[in-house]
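Note sheet for the following structure.
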């Protein structure tokens, strides 16, 4: 019965039993087997009164009917077989041997054949090789019952109807059960027909053989087996959740949470995926590698930042070319051309270093990005600081008693000071890289369903010192330029430096909280934006007005105009 349930996928069934001790035993045993095998649940148990059955036992007592048929057949003398000694039981054809539809006669038929096979095996015994004491054999005339039983236990053959006959270890014949189909006819009567058999093998396994083509289902669409389940099976990706107060086979199917899977039907729980894996959506029946997120060259944000960085590099190169082309004009000569060239070169490096923050993080890019960024900006701000000092020194030298001050700000002194200030930042970067170098890191804390691939700064202190040193130089430049803001117009370079440092400091002050609060790749976006914004601020404010005069107002690019004599003030 359990096998039939599994054959048709039934998990919600009823049981009809007699109202007696055997019926109660069947109900208990069947329920226990269902629980043991997890086959399903009993929707109900219908108890049939034994009194009602006794009143109709003439249509239930199949054994009595078979016995009467055997007897009827035996009285028919024409059906008797007259043996000549040359007959073969396998080919003999008489009505008495046609027992395919009679269970009782069929058992007698098999018993006769089993005895015949046992006698045949006993007669095949070779003296000296027998199974008994002294390797003896049993003779047909002196054979003892236990000797015949020895051969009977070893019987193993198949009848002409295709049924296997053998005995188990207890000497019991292997049982055969018919599967009966009760068919309700149009006139209201019931027809019972055999649609299958259950055979037990010598190994103890039960084999169910069903002829589904003969089965008649008593409902409208009787060609398809009925569907009988309390709840549909939970497919992979879901788990079973029992309903309070209902049988085990009545349940709800709940979808596995994010990051968990079930890869078989009727799972009672969902399993979590390993650290770098996630459940495939929407099925959630297997773990797949998490998607990796970083600031890529192929996404719109990365493409935009790359374009801006390349545009800034190109702009700085163009401005440098303009200054080189006009290097002999008063505008370039009056603004300390060497420091201007160094500022433009360092700005090109600043624009280009932002590209190291885009793309899959690797060890060398993680180590270089902050080192190149820090040294480039210190070099730029150092040049601006020295340039501001020179502006103040020139003004001081024009006052009484200040003629000797310019000897401290010669070309070699300017170069040396820029080199020293830049070297300090280089030392900070080297110590940082040696002590706690930045490395690529797979971060799973920002998002549970994907990996954020980022550069771990290694030492927060090292990063803070690098930024702090840049900020210190920018602050000094701002203070000195602010002090020189009211100098005569012929020294108006201080005003431009003041404004550029104001923009620079504002960008990087806003950068710190934005960087700390930005998760994953957006921290890199914030840093790249700060680099580009501050670089463009310095480039436009410091060199924009000069390029405007050199290209569009060349008549103002004269010594007289630069020195402020006779020129219209702007």
Task: Among (1) over 28 Å from residue 242 (Cβ atoms); (2) out of contact with any strand residue (DSSP E or B) (no Cβ under 7 Å at 6 or more places or on another chain); (3) modelled with pLDDT of 55 or more, the one test that residue 35 misses - done: (1)
TODO: Being surrounded by fewer than 15 Cβ atoms within 10 Å (Cβ to Cβ) and touching a residue at least 12 places away in the same chain (Cβ under 8 Å) narrows it down to one of 192, 155, so name that one.
DONE: 192
Open item on the list: Filter the range 170-195 down to the residues that are touching a helix residue (DSSP H, G or I) at 6+ places or on another chain (Cβ under 9 Å) and more than 26 Å from residue 216 (Cβ to Cβ) and list them by number.
Closed with: 171, 173
- [ ] Answer yes or no as to whether residue 67 is surrounded by 13 or more Cβ atoms within 10 Å (Cβ to Cβ) and at pLDDT 50 or above.
- [x] no
Task: Pairs with Cβ under 6 Å, 6+ apart, first in the range 7-21 and outside the structural domain of residue 206 (by TED's automatic domain parsing), second modelled with pLDDT of 85 or more and surrounded by 14 or more Cβ atoms within 10 Å (Cβ to Cβ) - done: none
Open item on the list: Step by step: first the residues of the range 511-557, then only those that are exposed (fewer than 14 other Cβ atoms within 10 Å of the Cβ) and within 25 Å of residue 383 (Cα to Cα), then the one that is farthest from the chain's Cα centre (by Cα). Which residue is that?
Closed with: 551
Task: Those residues of the range 433-458 which are surrounded by 17 or more Cβ atoms within 10 Å (Cβ to Cβ) and more than 22 Å from residue 522 (Cβ to Cβ), in sequence order - done: 433
Task: Filter result for residue 164 (within 28 Å of residue 208 (Cα to Cα), touching a helix residue (DSSP H, G or I) at 6+ places or on another chain (Cβ under 9 Å) and either touching a residue at least 24 places away in the same chain (Cβ under 8 Å) or surrounded by fewer than 17 Cβ atoms within 10 Å (Cβ to Cβ) (or both)) - done: no
- [ ] May I ask you to verify whether residue 207 is assigned to a loop (DSSP other than H, G, I, E, B) and exposed (fewer than 14 other Cβ atoms within 10 Å of the Cβ)?
- [x] no
Open item on the list: Taking the condition of being touching a residue at least 24 places away in the same chain (Cβ under 8 Å), surrounded by 17 or more Cβ atoms within 10 Å (Cβ to Cβ) and farther than 17 Å from residue 447 by Cβ, how many residues in the range 248-262 meet it?
Closed with: 4
TODO: Go through the range 89-142 and give me each residue that's modelled with pLDDT of 80 or more, assigned to a loop (DSSP other than H, G, I, E, B), touching a helix residue (DSSP H, G or I) at 6+ places or on another chain (Cβ under 7 Å) and buried (at least 17 other Cβ atoms within 10 Å of the Cβ).
DONE: 138
Task: Matching entry among 314, 305 (being within 30 Å of residue 545 (Cα to Cα) and touching a residue at least 12 places away in the same chain (Cβ under 8 Å)) - done: 305
TODO: Could you tell me whether residue 363 is at pLDDT 90 or above and surrounded by fewer than 22 Cβ atoms within 10 Å (Cβ to Cβ)?
DONE: yes
Open item on the list: Can you pull out every residue in the range 222-247 that is crowded, with 16+ Cβ neighbours inside 10 Å and either in contact with a helix residue (DSSP H, G or I) (Cβ under 8 Å, 6 or more places away or on another chain) or in a strand (DSSP E or B) (or both)?
Closed with: 238, 239, 240
Task: Enumeration of residues in the range 395-424 that are outside any helix (DSSP H, G or I) and at pLDDT 70 or above - done: 410
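Yes or no, residue by residue, for (1) assigned to a helix (DSSP H, G or I); (2) without any contact (Cβ under 8 Å) to a residue 40 or more places away in the chain:
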| site | (1), (2) |
| --- | --- |
| 360 | no, no |
| 366 | yes, no |
| 376 | yes, yes |
| 388 | yes, no |
- [ ] Output the residues belonging to the range 169-187 that are at pLDDT below 80 and more than 16 Å from residue 107 (Cβ to Cβ).
- [x] 169, 170
- [ ] Would you kindly identify the strands (runs of 3 or more DSSP E) lying entirely within the range 263-351 that contain at least 1 residues that are over 33 Å from the mean Cα position of the chain (by Cα) and surrounded by 13 or more Cβ atoms within 10 Å (Cβ to Cβ)?
- [x] none
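The values are calculated or read from the model by the stated rules, or taken from the named source; none is laboratory data. Quick caveat: nothing in here was measured; it's all calculated off a predicted structure. Cβ sites come from the backbone with ideal geometry, for glycine too, and all protein chains shown count toward neighbours.
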